[in-house]
Amino acid sequence: MESLFKLKENKTTVRTELIAGLTTFMTMAYIVALNPNLLTGFGAEGKALWNGVFLATCIASAIGTLCMGFLANKPFVMAPGMGLNSFFAVVVSNIAAMTGFTYLQSFQSALVIIFVEGVVFVVLSALNVREKIVAAIPLGIRLGIGPSIGLMLMNIGFGSNVGIYSETGGPFYAMRDFFGALTASFGKTQMGTGHAMMVLSVVTMFVGLFIIVALDHRNVKGSVLYGMLAASILYWAGEAIFLHANPFESLKTASFVPPFADLAETTLFKLNFAGFAQIGWFTMITLVVTFCIIDMFDTIGTLVGTASRANMLDENGSMPQMRQALLSDAVGTIAGALTGTSTVTTFVESASGVEAGGRTGLTAVTAAILFLLCMFIAPIAAIIPAAATSSALIYVGILMLSNLKKIDFEDITQILPVAIMLLAMPISGSIGHGIGLALITYTVIECCTGRAREVSALTYVLSALFLVKFFLAI
(Lines give C-alpha, C1' and ligand atoms only; values in the text may rest on other atoms or scores of the structure.)
Protein backbone atom coordinates (compact mmCIF):
# COMPACT_ATOMS: atom_id res chain seq x y z
CA MET A 1 0.00 0.00 0.00
CA GLU A 2 2.72 2.44 1.01
CA SER A 3 4.83 1.94 -2.11
CA LEU A 4 1.78 2.07 -4.37
CA PHE A 5 -0.07 5.07 -2.93
CA LYS A 6 2.66 6.87 -0.90
CA LEU A 7 0.43 7.21 2.15
CA LYS A 8 3.09 8.60 4.52
CA GLU A 9 4.23 11.17 1.98
CA ASN A 10 0.64 12.37 1.70
CA LYS A 11 0.17 12.29 5.49
CA THR A 12 -2.69 9.81 5.49
CA THR A 13 -3.49 6.25 6.57
CA VAL A 14 -5.26 3.22 5.10
CA ARG A 15 -8.20 3.70 7.48
CA THR A 16 -8.60 7.36 6.53
CA GLU A 17 -8.48 6.55 2.81
CA LEU A 18 -11.05 3.77 3.14
CA ILE A 19 -13.44 6.04 5.04
CA ALA A 20 -12.89 8.79 2.45
CA GLY A 21 -13.68 6.39 -0.40
CA LEU A 22 -16.85 5.22 1.32
CA THR A 23 -17.86 8.82 2.02
CA THR A 24 -17.45 9.86 -1.62
CA PHE A 25 -19.34 6.80 -2.82
CA MET A 26 -22.27 7.46 -0.50
CA THR A 27 -22.59 11.07 -1.68
CA MET A 28 -22.74 9.99 -5.32
CA ALA A 29 -24.39 6.57 -5.10
CA TYR A 30 -27.55 8.21 -6.44
CA ILE A 31 -25.99 8.20 -9.93
CA VAL A 32 -26.28 4.41 -10.12
CA ALA A 33 -30.07 4.60 -10.42
CA LEU A 34 -30.50 8.16 -11.66
CA ASN A 35 -28.28 7.78 -14.74
CA PRO A 36 -30.27 4.89 -16.29
CA ASN A 37 -33.48 6.71 -15.34
CA LEU A 38 -32.44 9.81 -17.27
CA LEU A 39 -31.04 7.94 -20.26
CA THR A 40 -34.04 5.63 -20.66
CA GLY A 41 -36.94 7.89 -19.69
CA PHE A 42 -37.21 6.31 -16.23
CA GLY A 43 -37.58 2.87 -17.78
CA ALA A 44 -40.01 3.95 -20.50
CA GLU A 45 -37.66 2.59 -23.18
CA GLY A 46 -37.71 -0.93 -21.75
CA LYS A 47 -36.35 -2.81 -18.77
CA ALA A 48 -33.54 -4.43 -20.77
CA LEU A 49 -32.05 -1.07 -21.78
CA TRP A 50 -32.44 0.27 -18.23
CA ASN A 51 -30.57 -2.76 -16.88
CA GLY A 52 -27.86 -2.37 -19.51
CA VAL A 53 -27.28 1.31 -18.69
CA PHE A 54 -27.36 0.52 -14.96
CA LEU A 55 -24.54 -2.01 -15.30
CA ALA A 56 -22.65 0.26 -17.71
CA THR A 57 -22.82 3.04 -15.10
CA CYS A 58 -21.26 0.81 -12.45
CA ILE A 59 -18.60 -0.69 -14.73
CA ALA A 60 -17.51 2.52 -16.51
CA SER A 61 -17.40 4.45 -13.22
CA ALA A 62 -15.21 1.75 -11.70
CA ILE A 63 -12.83 1.61 -14.69
CA GLY A 64 -12.34 5.39 -14.84
CA THR A 65 -11.94 5.66 -11.08
CA LEU A 66 -9.43 2.79 -10.93
CA CYS A 67 -7.35 4.60 -13.56
CA MET A 68 -7.53 7.75 -11.46
CA GLY A 69 -6.36 5.84 -8.42
CA PHE A 70 -3.51 3.88 -10.00
CA LEU A 71 -2.31 6.25 -12.76
CA ALA A 72 -2.68 9.62 -11.04
CA ASN A 73 -2.78 8.53 -7.37
CA LYS A 74 -5.53 11.08 -6.73
CA PRO A 75 -8.66 10.70 -4.53
CA PHE A 76 -11.08 11.70 -7.28
CA VAL A 77 -14.00 9.51 -8.29
CA MET A 78 -15.61 9.30 -11.71
CA ALA A 79 -19.08 8.52 -13.03
CA PRO A 80 -21.40 9.55 -15.91
CA GLY A 81 -21.66 13.33 -15.58
CA MET A 82 -24.90 15.00 -14.62
CA GLY A 83 -26.04 17.45 -17.27
CA LEU A 84 -24.07 15.58 -19.89
CA ASN A 85 -26.36 12.56 -19.45
CA SER A 86 -29.47 14.72 -19.87
CA PHE A 87 -27.97 16.30 -23.00
CA PHE A 88 -27.13 12.81 -24.28
CA ALA A 89 -30.76 11.73 -23.82
CA VAL A 90 -31.91 14.75 -25.86
CA VAL A 91 -29.40 13.87 -28.61
CA VAL A 92 -30.72 10.29 -28.69
CA SER A 93 -34.29 11.54 -29.09
CA ASN A 94 -33.21 13.94 -31.87
CA ILE A 95 -31.41 11.15 -33.73
CA ALA A 96 -34.55 9.03 -33.52
CA ALA A 97 -36.61 11.90 -34.97
CA MET A 98 -34.09 12.57 -37.77
CA THR A 99 -33.56 8.99 -38.87
CA GLY A 100 -36.67 7.07 -37.90
CA PHE A 101 -34.57 4.68 -35.80
CA THR A 102 -35.90 3.05 -32.66
CA TYR A 103 -34.72 4.56 -29.38
CA LEU A 104 -32.29 1.67 -28.88
CA GLN A 105 -30.78 2.10 -32.35
CA SER A 106 -30.48 5.85 -31.78
CA PHE A 107 -28.93 5.21 -28.37
CA GLN A 108 -26.31 2.94 -29.93
CA SER A 109 -25.64 5.59 -32.59
CA ALA A 110 -25.16 8.32 -29.98
CA LEU A 111 -22.66 6.13 -28.12
CA VAL A 112 -20.34 6.66 -31.10
CA ILE A 113 -20.19 10.38 -30.15
CA ILE A 114 -19.00 9.44 -26.66
CA PHE A 115 -16.46 6.98 -28.07
CA VAL A 116 -15.00 9.58 -30.47
CA GLU A 117 -14.89 12.12 -27.64
CA GLY A 118 -12.94 9.67 -25.48
CA VAL A 119 -10.45 8.92 -28.26
CA VAL A 120 -9.94 12.65 -28.88
CA PHE A 121 -9.27 13.16 -25.17
CA VAL A 122 -6.74 10.31 -25.08
CA VAL A 123 -4.82 11.95 -27.93
CA LEU A 124 -5.05 15.44 -26.40
CA SER A 125 -3.94 14.11 -23.02
CA ALA A 126 -1.00 12.22 -24.51
CA LEU A 127 0.10 15.39 -26.32
CA ASN A 128 -0.30 17.50 -23.15
CA VAL A 129 -2.82 19.75 -24.91
CA ARG A 130 -5.38 19.48 -22.11
CA GLU A 131 -2.69 20.28 -19.54
CA LYS A 132 -1.78 23.40 -21.51
CA ILE A 133 -5.44 24.42 -21.52
CA VAL A 134 -5.43 24.17 -17.72
CA ALA A 135 -2.32 26.38 -17.58
CA ALA A 136 -4.01 28.92 -19.88
CA ILE A 137 -6.74 29.57 -17.31
CA PRO A 138 -5.70 32.73 -15.39
CA LEU A 139 -4.65 32.12 -11.78
CA GLY A 140 -7.47 34.25 -10.34
CA ILE A 141 -10.07 32.15 -12.15
CA ARG A 142 -8.37 28.93 -11.08
CA LEU A 143 -8.51 30.10 -7.46
CA GLY A 144 -12.19 30.93 -7.87
CA ILE A 145 -13.21 27.56 -9.29
CA GLY A 146 -13.21 25.87 -5.87
CA PRO A 147 -15.53 28.42 -4.19
CA SER A 148 -17.79 28.40 -7.26
CA ILE A 149 -18.08 24.63 -7.06
CA GLY A 150 -18.76 25.06 -3.34
CA LEU A 151 -21.75 27.27 -4.09
CA MET A 152 -22.94 24.77 -6.69
CA LEU A 153 -22.70 21.95 -4.13
CA MET A 154 -24.70 24.00 -1.64
CA ASN A 155 -27.29 24.73 -4.32
CA ILE A 156 -27.56 21.02 -5.09
CA GLY A 157 -27.79 20.13 -1.40
CA PHE A 158 -30.40 22.76 -0.57
CA GLY A 159 -32.25 22.44 -3.85
CA SER A 160 -32.32 19.82 -6.56
CA ASN A 161 -30.95 16.94 -4.45
CA VAL A 162 -34.12 16.91 -2.34
CA GLY A 163 -37.03 16.92 -4.75
CA ILE A 164 -40.35 15.57 -3.46
CA TYR A 165 -43.33 14.40 -5.48
CA SER A 166 -46.83 13.83 -4.19
CA GLU A 167 -50.39 13.42 -5.45
CA THR A 168 -50.56 17.21 -5.90
CA GLY A 169 -47.55 17.31 -8.20
CA GLY A 170 -43.92 18.26 -7.81
CA PRO A 171 -41.08 18.31 -7.56
CA PHE A 172 -41.06 20.41 -4.41
CA TYR A 173 -37.54 21.53 -3.48
CA ALA A 174 -36.13 22.08 -0.02
CA MET A 175 -35.14 25.74 0.03
CA ARG A 176 -37.75 26.84 -2.50
CA ASP A 177 -40.81 25.22 -0.93
CA PHE A 178 -39.77 24.49 2.66
CA PHE A 179 -40.97 27.79 4.10
CA GLY A 180 -44.39 27.19 2.67
CA ALA A 181 -44.31 23.72 4.17
CA LEU A 182 -43.79 25.27 7.62
CA THR A 183 -47.24 26.82 7.30
CA ALA A 184 -49.38 23.74 7.68
CA SER A 185 -52.39 25.14 5.83
CA PHE A 186 -50.33 26.12 2.78
CA GLY A 187 -48.09 23.08 2.95
CA LYS A 188 -50.86 20.51 3.14
CA THR A 189 -52.93 22.26 0.48
CA GLN A 190 -50.13 22.70 -2.04
CA MET A 191 -47.99 19.66 -1.21
CA GLY A 192 -50.46 17.08 0.01
CA THR A 193 -48.63 14.10 1.46
CA GLY A 194 -45.37 15.73 0.41
CA HIS A 195 -45.78 18.24 3.27
CA ALA A 196 -44.68 15.85 6.01
CA MET A 197 -41.91 14.42 3.83
CA MET A 198 -40.57 17.91 3.11
CA VAL A 199 -40.40 18.80 6.81
CA LEU A 200 -38.70 15.48 7.59
CA SER A 201 -36.20 15.98 4.75
CA VAL A 202 -35.18 19.48 5.83
CA VAL A 203 -34.91 18.50 9.50
CA THR A 204 -32.78 15.52 8.50
CA MET A 205 -30.59 17.71 6.29
CA PHE A 206 -29.82 20.21 9.04
CA VAL A 207 -29.41 17.65 11.82
CA GLY A 208 -26.92 15.76 9.64
CA LEU A 209 -25.08 19.02 8.89
CA PHE A 210 -24.87 19.95 12.58
CA ILE A 211 -23.59 16.49 13.51
CA ILE A 212 -20.87 16.70 10.83
CA VAL A 213 -19.78 20.13 12.09
CA ALA A 214 -19.76 18.99 15.74
CA LEU A 215 -17.71 15.88 14.97
CA ASP A 216 -15.30 17.76 12.75
CA HIS A 217 -14.82 20.41 15.46
CA ARG A 218 -13.70 17.57 17.72
CA ASN A 219 -11.32 16.31 15.01
CA VAL A 220 -13.22 13.05 14.56
CA LYS A 221 -11.94 11.24 11.48
CA GLY A 222 -14.77 10.36 9.11
CA SER A 223 -17.08 13.05 10.48
CA VAL A 224 -18.81 13.45 7.10
CA LEU A 225 -19.53 9.71 6.84
CA TYR A 226 -20.78 9.47 10.43
CA GLY A 227 -22.99 12.52 9.92
CA MET A 228 -24.52 10.96 6.82
CA LEU A 229 -25.16 7.68 8.64
CA ALA A 230 -26.78 9.49 11.58
CA ALA A 231 -28.93 11.53 9.19
CA SER A 232 -29.98 8.34 7.36
CA ILE A 233 -31.04 6.67 10.60
CA LEU A 234 -33.02 9.77 11.59
CA TYR A 235 -34.78 9.85 8.22
CA TRP A 236 -35.63 6.14 8.32
CA ALA A 237 -37.02 6.52 11.85
CA GLY A 238 -39.06 9.53 10.75
CA GLU A 239 -40.48 7.58 7.81
CA ALA A 240 -41.57 4.77 10.10
CA ILE A 241 -43.00 6.96 12.89
CA PHE A 242 -44.53 9.96 11.10
CA LEU A 243 -45.12 8.72 7.56
CA HIS A 244 -46.05 5.17 8.59
CA ALA A 245 -43.83 3.77 5.86
CA ASN A 246 -41.27 0.99 5.88
CA PRO A 247 -37.99 2.51 4.57
CA PHE A 248 -36.72 -0.96 3.75
CA GLU A 249 -39.84 -2.16 1.91
CA SER A 250 -38.07 -2.14 -1.47
CA LEU A 251 -35.51 -4.67 -0.23
CA LYS A 252 -38.16 -7.38 0.13
CA THR A 253 -38.66 -7.78 -3.62
CA ALA A 254 -35.28 -6.48 -4.77
CA SER A 255 -33.09 -8.60 -7.03
CA PHE A 256 -29.40 -8.84 -6.20
CA VAL A 257 -28.49 -10.71 -9.41
CA PRO A 258 -26.81 -8.42 -11.98
CA PRO A 259 -28.66 -8.48 -15.35
CA PHE A 260 -25.57 -9.16 -17.49
CA ALA A 261 -27.67 -10.69 -20.28
CA ASP A 262 -29.50 -7.37 -20.77
CA LEU A 263 -26.16 -5.53 -20.92
CA ALA A 264 -24.87 -7.86 -23.65
CA GLU A 265 -28.13 -7.55 -25.60
CA THR A 266 -28.50 -3.76 -25.54
CA THR A 267 -25.33 -1.72 -25.03
CA LEU A 268 -22.13 -3.74 -24.55
CA PHE A 269 -19.88 -3.03 -27.60
CA LYS A 270 -23.00 -1.99 -29.52
CA LEU A 271 -21.64 1.14 -31.23
CA ASN A 272 -23.82 1.87 -34.27
CA PHE A 273 -21.37 3.59 -36.65
CA ALA A 274 -23.71 3.20 -39.65
CA GLY A 275 -26.52 4.94 -37.80
CA PHE A 276 -24.19 7.67 -36.58
CA ALA A 277 -23.12 8.44 -40.16
CA GLN A 278 -26.74 9.11 -41.15
CA ILE A 279 -27.09 12.24 -39.02
CA GLY A 280 -24.79 14.27 -41.29
CA TRP A 281 -21.18 15.40 -41.00
CA PHE A 282 -21.87 18.90 -39.73
CA THR A 283 -24.16 17.61 -36.97
CA MET A 284 -21.67 14.88 -36.11
CA ILE A 285 -18.78 17.33 -35.71
CA THR A 286 -20.92 19.83 -33.79
CA LEU A 287 -22.06 17.19 -31.31
CA VAL A 288 -18.56 15.82 -30.73
CA VAL A 289 -17.11 19.32 -30.21
CA THR A 290 -19.96 20.24 -27.85
CA PHE A 291 -19.47 17.15 -25.69
CA CYS A 292 -15.70 17.73 -25.70
CA ILE A 293 -15.95 21.34 -24.55
CA ILE A 294 -18.48 20.65 -21.79
CA ASP A 295 -16.66 17.58 -20.48
CA MET A 296 -13.20 19.12 -20.69
CA PHE A 297 -14.02 22.15 -18.58
CA ASP A 298 -16.24 20.23 -16.16
CA THR A 299 -13.33 17.87 -15.50
CA ILE A 300 -10.70 20.60 -15.35
CA GLY A 301 -12.86 22.65 -12.99
CA THR A 302 -13.55 19.72 -10.69
CA LEU A 303 -9.91 18.65 -10.55
CA VAL A 304 -8.55 22.14 -9.91
CA GLY A 305 -11.29 23.12 -7.46
CA THR A 306 -11.14 19.94 -5.39
CA ALA A 307 -7.35 19.78 -5.49
CA SER A 308 -7.12 23.35 -4.20
CA ARG A 309 -9.27 22.41 -1.20
CA ALA A 310 -6.90 19.49 -0.48
CA ASN A 311 -3.79 21.71 -0.86
CA MET A 312 -2.67 19.65 -3.86
CA LEU A 313 -1.83 22.64 -6.05
CA ASP A 314 1.69 24.01 -6.39
CA GLU A 315 2.65 27.68 -6.12
CA ASN A 316 1.56 28.24 -9.74
CA GLY A 317 -1.90 26.84 -9.09
CA SER A 318 -1.17 23.63 -11.01
CA MET A 319 -1.89 20.08 -9.86
CA PRO A 320 0.86 17.43 -10.08
CA GLN A 321 -0.08 14.39 -12.22
CA MET A 322 -2.70 16.47 -14.02
CA ARG A 323 -1.99 14.68 -17.32
CA GLN A 324 -2.57 11.26 -15.72
CA ALA A 325 -5.78 12.50 -14.13
CA LEU A 326 -7.07 13.83 -17.46
CA LEU A 327 -6.05 10.59 -19.18
CA SER A 328 -8.08 8.66 -16.61
CA ASP A 329 -11.07 10.80 -17.52
CA ALA A 330 -10.57 9.91 -21.19
CA VAL A 331 -10.29 6.18 -20.46
CA GLY A 332 -13.46 6.35 -18.35
CA THR A 333 -15.32 8.01 -21.23
CA ILE A 334 -14.23 5.31 -23.69
CA ALA A 335 -15.26 2.64 -21.17
CA GLY A 336 -18.64 4.32 -20.89
CA ALA A 337 -19.13 4.32 -24.67
CA LEU A 338 -18.17 0.65 -24.99
CA THR A 339 -20.40 -0.49 -22.12
CA GLY A 340 -23.34 1.82 -22.78
CA THR A 341 -23.47 5.16 -20.98
CA SER A 342 -22.85 8.84 -21.58
CA THR A 343 -19.62 10.74 -20.83
CA VAL A 344 -17.78 9.66 -17.68
CA THR A 345 -16.20 12.58 -15.84
CA THR A 346 -14.70 13.47 -12.48
CA PHE A 347 -17.48 14.04 -9.94
CA VAL A 348 -17.62 17.16 -7.84
CA GLU A 349 -18.83 15.00 -4.94
CA SER A 350 -15.22 13.80 -4.69
CA ALA A 351 -14.79 16.86 -2.50
CA SER A 352 -16.65 15.06 0.29
CA GLY A 353 -14.02 12.31 0.33
CA VAL A 354 -11.23 14.87 0.25
CA GLU A 355 -12.81 16.59 3.24
CA ALA A 356 -12.96 13.21 5.00
CA GLY A 357 -9.17 13.03 4.67
CA GLY A 358 -8.71 11.30 1.30
CA ARG A 359 -5.41 12.30 -0.27
CA THR A 360 -4.32 9.37 -2.47
CA GLY A 361 -5.54 6.96 -5.09
CA LEU A 362 -6.58 4.50 -2.38
CA THR A 363 -9.67 6.65 -1.83
CA ALA A 364 -10.52 6.33 -5.53
CA VAL A 365 -9.83 2.58 -5.58
CA THR A 366 -12.13 2.10 -2.58
CA ALA A 367 -14.96 3.92 -4.33
CA ALA A 368 -14.31 1.98 -7.56
CA ILE A 369 -14.67 -1.34 -5.73
CA LEU A 370 -17.93 -0.12 -4.21
CA PHE A 371 -19.23 0.75 -7.69
CA LEU A 372 -18.49 -2.82 -8.80
CA LEU A 373 -20.16 -4.22 -5.70
CA CYS A 374 -23.12 -1.98 -6.42
CA MET A 375 -23.98 -4.26 -9.33
CA PHE A 376 -24.91 -6.77 -6.63
CA ILE A 377 -26.10 -4.46 -3.83
CA ALA A 378 -27.77 -1.66 -5.79
CA PRO A 379 -31.04 -1.96 -3.80
CA ILE A 380 -29.12 -1.18 -0.59
CA ALA A 381 -27.41 1.86 -2.09
CA ALA A 382 -30.81 3.07 -3.32
CA ILE A 383 -32.26 3.43 0.20
CA ILE A 384 -29.71 6.09 1.24
CA PRO A 385 -31.97 9.17 1.62
CA ALA A 386 -31.18 12.21 -0.49
CA ALA A 387 -31.52 14.43 2.60
CA ALA A 388 -28.57 12.64 4.22
CA THR A 389 -26.30 13.18 1.22
CA SER A 390 -27.40 16.83 1.17
CA SER A 391 -25.89 17.28 4.63
CA ALA A 392 -22.48 16.29 3.28
CA LEU A 393 -22.79 18.35 0.09
CA ILE A 394 -23.74 21.52 1.98
CA TYR A 395 -20.92 21.07 4.50
CA VAL A 396 -18.28 20.48 1.83
CA GLY A 397 -19.63 23.38 -0.21
CA ILE A 398 -19.24 25.76 2.73
CA LEU A 399 -15.65 24.65 3.30
CA MET A 400 -14.75 25.15 -0.36
CA LEU A 401 -15.59 28.84 -0.06
CA SER A 402 -12.38 29.31 1.92
CA ASN A 403 -10.32 29.72 -1.26
CA LEU A 404 -11.88 33.14 -1.78
CA LYS A 405 -9.38 34.57 0.70
CA LYS A 406 -6.57 33.87 -1.79
CA ILE A 407 -8.13 36.14 -4.41
CA ASP A 408 -7.06 39.77 -4.62
CA PHE A 409 -10.32 41.66 -4.04
CA GLU A 410 -8.56 44.94 -4.85
CA ASP A 411 -7.94 43.84 -8.45
CA ILE A 412 -11.11 44.18 -10.52
CA THR A 413 -9.61 42.02 -13.30
CA GLN A 414 -9.53 39.14 -10.82
CA ILE A 415 -12.68 39.65 -8.81
CA LEU A 416 -15.11 40.41 -11.67
CA PRO A 417 -14.56 37.11 -13.56
CA VAL A 418 -14.71 35.21 -10.25
CA ALA A 419 -17.90 37.00 -9.15
CA ILE A 420 -19.60 36.06 -12.41
CA MET A 421 -18.38 32.47 -12.08
CA LEU A 422 -19.66 32.30 -8.49
CA LEU A 423 -23.15 33.08 -9.79
CA ALA A 424 -23.00 31.21 -13.09
CA MET A 425 -22.04 27.77 -11.77
CA PRO A 426 -24.90 27.22 -9.32
CA ILE A 427 -27.47 28.90 -11.57
CA SER A 428 -26.50 27.02 -14.76
CA GLY A 429 -25.54 23.83 -12.94
CA SER A 430 -22.50 23.59 -15.20
CA ILE A 431 -18.87 23.96 -14.15
CA GLY A 432 -17.85 24.38 -17.78
CA HIS A 433 -20.31 27.21 -18.42
CA GLY A 434 -19.12 29.03 -15.30
CA ILE A 435 -15.48 28.81 -16.38
CA GLY A 436 -16.40 29.86 -19.91
CA LEU A 437 -18.16 33.04 -18.76
CA ALA A 438 -15.24 33.82 -16.44
CA LEU A 439 -12.72 33.44 -19.27
CA ILE A 440 -14.73 35.68 -21.59
CA THR A 441 -15.08 38.31 -18.85
CA TYR A 442 -11.38 38.19 -18.04
CA THR A 443 -10.38 38.56 -21.69
CA VAL A 444 -12.73 41.48 -22.32
CA ILE A 445 -11.77 43.37 -19.18
CA GLU A 446 -8.05 42.92 -19.84
CA CYS A 447 -8.53 44.39 -23.31
CA CYS A 448 -10.61 47.27 -21.91
CA THR A 449 -7.94 48.14 -19.33
CA GLY A 450 -5.12 48.22 -21.87
CA ARG A 451 -3.57 44.90 -20.92
CA ALA A 452 -4.54 42.90 -24.00
CA ARG A 453 -0.95 41.75 -24.52
CA GLU A 454 -0.93 40.09 -21.10
CA VAL A 455 -3.63 37.67 -22.20
CA SER A 456 -2.19 34.45 -23.64
CA ALA A 457 -3.07 33.35 -27.16
CA LEU A 458 -4.67 30.15 -25.83
CA THR A 459 -6.89 32.17 -23.48
CA TYR A 460 -8.12 34.18 -26.47
CA VAL A 461 -8.85 30.95 -28.33
CA LEU A 462 -10.74 29.44 -25.37
CA SER A 463 -12.78 32.63 -24.92
CA ALA A 464 -13.66 32.65 -28.62
CA LEU A 465 -14.70 28.99 -28.50
CA PHE A 466 -17.03 29.65 -25.59
CA LEU A 467 -18.51 32.67 -27.34
CA VAL A 468 -19.27 30.53 -30.37
CA LYS A 469 -20.73 27.83 -28.16
CA PHE A 470 -22.98 30.22 -26.23
CA PHE A 471 -24.24 32.17 -29.24
CA LEU A 472 -24.81 29.11 -31.40
CA ALA A 473 -26.34 27.30 -28.41
CA ILE A 474 -24.40 24.12 -29.13
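Odds and ends about this structure:
- Candidate set from the stretch 96-112 (those that are of a type outside the set (Gly, Ala, Ser) and under 13 Å from Leu287 (Cβ atoms)); member that is surrounded by the fewest Cβ atoms within 10 Å (Cβ to Cβ): Met98
- Scanning the stretch 243-271 for residues that are over 22 Å from Glu45 (Cβ atoms), charged (D, E, K, R) and not in a loop (DSSP other than H, G, I, E, B) yields a single hit, Glu249.
- Every test in (1) surrounded by fewer than 22 Cβ atoms within 10 Å (Cβ to Cβ); (2) within 20 Å of the chain's Cα centre (by Cα); (3) among the basic types (Lys, Arg) is passed by Lys132 save one, and that test is (2).
- Yes/no for Ser93 being assigned by TED's automatic domain parsing to the domain that holds Thr266, within 21 Å of Ile285 (Cα to Cα) and without any contact (Cβ under 8 Å) to a residue 60 or more places away in the chain: yes
- Residues located in the stretch 207-225, provided they are among the aliphatic types (A, V, I, L, M), at pLDDT below 90 and part of a helix (DSSP H, G or I): Val224, Leu225
- Output for the stretch 155-170, where each listed residue is surrounded by fewer than 19 Cβ atoms within 10 Å (Cβ to Cβ) and closer than 20 Å to Leu393 by Cα: Gly159, Ser160, Gly163
- The residue that is nearest to the chain's Cα centre (by Cα), among those in the stretch 323-351 that are modelled with pLDDT of 90 or more and farther than 30 Å from Ala264 by Cα, is Ser350.
Residues checked against (1) under 22 Å from Val348 (Cβ atoms); (2) at pLDDT 95 or above; (3) in contact with a Cys (Cβ under 6 Å, 6 or more places away or on another chain):
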{"position": "Leu7", "(1), (2), (3)": "no, no, no"}
{"position": "Lys11", "(1), (2), (3)": "no, no, no"}
{"position": "Thr23", "(1), (2), (3)": "yes, no, no"}
{"position": "Thr40", "(1), (2), (3)": "no, no, no"}
{"position": "Asn51", "(1), (2), (3)": "no, no, no"}
{"position": "Ala60", "(1), (2), (3)": "yes, yes, no"}
{"position": "Gly81", "(1), (2), (3)": "yes, no, no"}
{"position": "Val92", "(1), (2), (3)": "no, no, no"}
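- Restricting attention to the stretch 381-419, the residues that are within 18 Å of Thr306 (Cα to Cα), surrounded by fewer than 16 Cβ atoms within 10 Å (Cβ to Cβ) and not polar (S, T, N, Q) total 2.
- Residue within the stretch 196-209 that is surrounded by fewer than 19 Cβ atoms within 10 Å (Cβ to Cβ) and under 30 Å from Tyr103 (Cβ atoms) present: no
- Every residue from the stretch 340-365 that is outside any helix (DSSP H, G or I) and hydroxyl-bearing (Ser, Thr, Tyr): Thr341, Ser342, Thr343, Thr345, Thr346, Thr360
The values are calculated or read from the model by the stated rules, or taken from the named source; none is laboratory data. Computed from a predicted model, the values in this text were never measured in an experiment. Methodologically, a virtual Cβ is constructed for each residue, glycine included, from the backbone with ideal geometry; neighbour enumeration extends over all protein chains shown.
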